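Visitor: The structure that follows is given in the form of structure tokens.
The values are calculated or read from the model by the stated rules, or taken from the named source; none is laboratory data. Fair warning: this is a prediction, and the values are worked out from it, not measured in the lab. Every residue, glycine as well, gets a Cβ built from its backbone with ideal geometry; the counts of neighbours run over all protein chains shown.
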Amino acid sequence: MPNSPSAIKRLKQSQKRRLHNRITKKLIKTYGKRAIAAVVAKEFEKGESDLRLTISKIDKAGVRRVLHPNTAARRKSKLSRDFTAAVVKARASA
């Protein structure tokens with residue numbers, strides 16, 4: 001445990017930041033899964049809006065350094081690829 005007042009304050013700050021970062025990362029994953037699930041359920045408009053929301057959250061996390069900017073770019077790319085593949089598959093089965 002920290003002994004000095006400044007170390008105690010730093011511990012509190014890091015715990016608060018860690019919680020905020022974990023929540024942000026979890027939201028990104030949840031919205032991404034929701035976008036893909038909407039397309040699989042053939043709700044293309046809802047899937048498109050969820051995709052846009054997810055990409056904006058990933059961008060914001062990259063700017064705020066919750067995610068490394070390259071990680072944010074990679075996740076956006078992968079999400080777009082998966083989304084497009086799901087759309088193609090859903091429309092082919094219709």
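Visitor: Which members of the range 27-48 meet the condition of being closer than 16 Å to ALA90 by Cα and touching a residue at least 24 places away in the same chain (Cβ under 8 Å)?
Guide: ALA35, ILE36, VAL39, VAL40, LYS42, PHE44, GLY47
Visitor: Within the range 6-48, take every residue that is small (Gly, Ala, Ser) and closer than 23 Å to ARG74 by Cα and give me the one that is surrounded by the fewest Cβ atoms within 10 Å (Cβ to Cβ).
Guide: Among those residues, the one meeting the criterion is ALA37.
Visitor: Additional query: Suppose we keep only residues that are of a type in the set (Val, Ile, Thr) and within 17 Å of LYS57 (Cα to Cα) within the range 15-43. Which one would you say is nearest to the chain's Cα centre (by Cα)?
Guide: Checked the range 15-43; the qualifying residue nearest to the chain's Cα centre (by Cα) is ILE28.
Visitor: Based on this model, can you work out whether ILE8 counts as within 13 Å of the chain's Cα centre (by Cα) and part of a helix (DSSP H, G or I)?
Guide: So ILE8 fails the test.
Visitor: From the list ARG81, ARG74, ARG64, which one is out of contact with any Leu (no Cβ under 7 Å at 6 or more places or on another chain), closer than 30 Å to MET1 by Cβ and at pLDDT 95 or above?
Guide: Just a single option satisfies the conditions, and that option is ARG64.
Visitor: (1) out of contact with any His (no Cβ under 8 Å at 6 or more places or on another chain); (2) surrounded by 16 or more Cβ atoms within 10 Å (Cβ to Cβ); (3) over 16 Å from PHE44 (Cα atoms); (4) not polar (S, T, N, Q): which one isn't true of GLY62, the others all being true?
Guide: (1)
Visitor: Exactly one condition in (1) touching a Ser or Thr at 6+ places or on another chain (Cβ under 8 Å); (2) at positive phi is not met by GLY32; state its number.
Guide: Among (1) touching a Ser or Thr at 6+ places or on another chain (Cβ under 8 Å); (2) at positive phi, the lone unmet condition for GLY32 is (2).
Visitor: Return the only residue of LEU67, LEU51, LEU79 being surrounded by 16 or more Cβ atoms within 10 Å (Cβ to Cβ), among the aliphatic types (A, V, I, L, M), free of Cβ contacts under 8 Å to residues at least 60 places away in the same chain and not in a helix (DSSP H, G or I).
Guide: LEU67
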